[in-house]
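Structure, as structure tokens:
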Amino acid sequence: MTTERNQTLGEFIIDKQEDFMYSSGEFTRLINSLRLAAKVVSHQVNQAGLVDIVGAFGKENVQGEQQQKLDVYANEVFIKTLVNREIVCGIASEEEDDFIAIQGKKGNNENKYVVLMDPLDGSSNIDVNVSVGTIFSIYRRVTPIGTPVTQEDFLQKGANQVAAGYIVYGSSTMLVYTTGNGVNGFTLNPAIGTFYLSHPNMKIKEDGNIYSINEGNYVHFPQGVKDYIKYCQAEEGERPYTSRYIGSLVSDIHRNILKGGIYIYPTSTKAPKGKLRLLYECNPIAYIIEQAGGKASDGYSRIMDIEPTELHQRVPFFCGSKNMVEKAEEFMSQYPAK
Ligand code: AHG
Ligand code: MN
Ligand code: MN
């Protein structure tokens, strides 16, 4: 093990604080809070089956999806951790109807960052002991500091992100994030509750051989996607590619970053705008993938250039190894978007 690999996330954050363009203790404290909430959720995820945390919560979220107990739990942990520390001025979550403005106990919140998140991604996998995740995205507010945040602060294009990350609660818990200077991954040692730098400067191969898509929906896919799937399955050179689909975006993306591959969640006749959410899932993952040398697109253009119009907006998502995404776009371009 190199010395670098023995570095803890806490040490890494302090070391890198000066590289960060908006260097201030505020940002460091924010990442520290996310790290803390991640540990709390990780602990709970690992107890699934032992404590009453598995299964449906009994309510739907604003998007009409069944909330799982862990969705609600993780949402509360991340929100409470950030609100109690008065570390951000606003939060938007996949599990909340609207954004939360944090005024602070004295009503004079001077913080400049907003956080957008998918607190528990892939929650339908929790009951069957399959990896789940958390995704977060951080922006500087655009409205004046000290005033209550407005929707404008959240509806920013992905290219404005100052940091993004995910936590994967898998065979081990890992936190992977970027502040625009590459991507670094940290693995939790649960015995002592410390994240260590295990994957410095993560890079995704330009060419991969894994494609990840819910192929059960094939008949509902646009023709460009159907054609690309057939291309992946054709026997030529490195092809046919391997198909891997966990059904937890974070886990599928994490694997593809490490091994090389493409992840696709397209539009379909069942989900005409796609399923994944631009602000909580696609933008943060796109930022990480681009920082790792990959590409993220809606099939025609760059995800991070999309100007959002609503908080829970959905988009089609093509993301991963650069050459694979470009190939998929080539097939899509034969059938222009309506
Ligand atoms: P969430 O649990 O946050 O609602 O996200 C689920 C998402 C994503 O994690 C996954 O890739 C996708 O839904 C799977 O959808 P399908 O079951 O339609 O393939
Ligand atoms: Mn999700
Ligand atoms: Mn979720």
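The values are calculated or read from the model by the stated rules, or taken from the named source; none is laboratory data. From a predicted model like this one, the values you see are computed outputs, not experimental measurements. Note that each Cβ is placed from the backbone with ideal geometry, even for glycine, and that neighbours are counted across all protein chains shown. Just so you know, the surface numbers come from the protein's heavy atoms only, side chains and all, with ligands and any DNA or RNA stripped out. Shrake-Rupley method; radii C 1.70, N 1.55, O 1.52, S 1.80 Å.
Points to keep in mind about this one:
- Leading residue by the ranking (farthest from Asn189 (Cα to Cα)) among those in segment 154-178 that are touching a Phe, Trp or Tyr at 6+ places or on another chain (Cβ under 7 Å) and surrounded by fewer than 22 Cβ atoms within 10 Å (Cβ to Cβ): Gln156
- Counting only residues that are more than 20 Å from Ile31 (Cα to Cα), within 12 Å of ligand 1 (Cβ to nearest atom) and of a type in the set (A, V, I, L, M), segment 64-86 holds 1 of them.
- Boolean, Glu152 is away from ligand 3 (no atom under 16 Å from the Cβ), under 30 Å from Gly247 (Cβ atoms) and of a type in the set (Asp, Glu): no
- Of all the numbered requirements in (1) more than 15 Å from ligand 3 (Cβ to nearest atom); (2) of a type outside the set (A, V, I, L, M); (3) more than 13 Å from Lys157 (Cα to Cα), Arg314 misses one, and that requirement is (1).
- If the condition is being of a type in the set (Asp, Glu) and modelled with pLDDT of 95 or more, then segment 196-249 contributes Glu206, Asp207, Glu215, Asp227, Glu235, Glu236.
- Among the criteria (1) among the polar types (S, T, N, Q); (2) within 18 Å of Ser137 (Cα to Cα); (3) open to solvent by 50 Å² or more (accessible area, probe 1.4 Å), the one Gln334 does not fulfil is (2).
- Applying the condition of being open to solvent by 20 Å² or more (accessible area, probe 1.4 Å) and in a loop (DSSP other than H, G, I, E, B) to segment 115-140 and asking which residue is nearest to Thr178 (Cα to Cα) yields Ser131.
- Qualifying positions in segment 199-210 - crowded, with 16+ Cβ neighbours inside 10 Å and either among the small types (Gly, Ala, Ser) or not in a strand (DSSP E or B) (or both): Met202, Ile204, Lys205, Gly208, Asn209
- Some residue of segment 298-312 being more than 19 Å from Pro222 (Cα to Cα), more than 14 Å from the chain's Cα centre (by Cα), away from ligand 2 (no atom under 16 Å from the Cβ) and buried (at least 24 other Cβ atoms within 10 Å of the Cβ): no
- Cβ separations smaller than 8 Å between residues 6+ apart or across chains give the following pairs from segment 219-233 residues that are open to solvent by less than 40 Å² (accessible area, probe 1.4 Å) and of a type in the set (Gly, Ala, Ser) to residues that are modelled with pLDDT of 95 or more and part of a helix (DSSP H, G or I): Gly224/Ala328; Gly224/Phe331; Gly224/Met332.
- Tally of residues being among the hydrophobic types (A, V, I, L, M, F, W, C) and within 14 Å of ligand 2 (Cβ to nearest atom) across segment 93-129: 4
- Helices (runs of 4 or more DSSP H) contained entirely in segment 211-316, each with at least 2 residues that are within 24 Å of Tyr169 (Cα to Cα) and within 11 Å of ligand 1 (Cβ to nearest atom): 249-259
- Subset of segment 179-198 that is farther than 22 Å from Arg277 by Cα and among the hydroxyl-bearing types (Ser, Thr, Tyr) - its residue that is most open to solvent (accessible area, probe 1.4 Å): Tyr196
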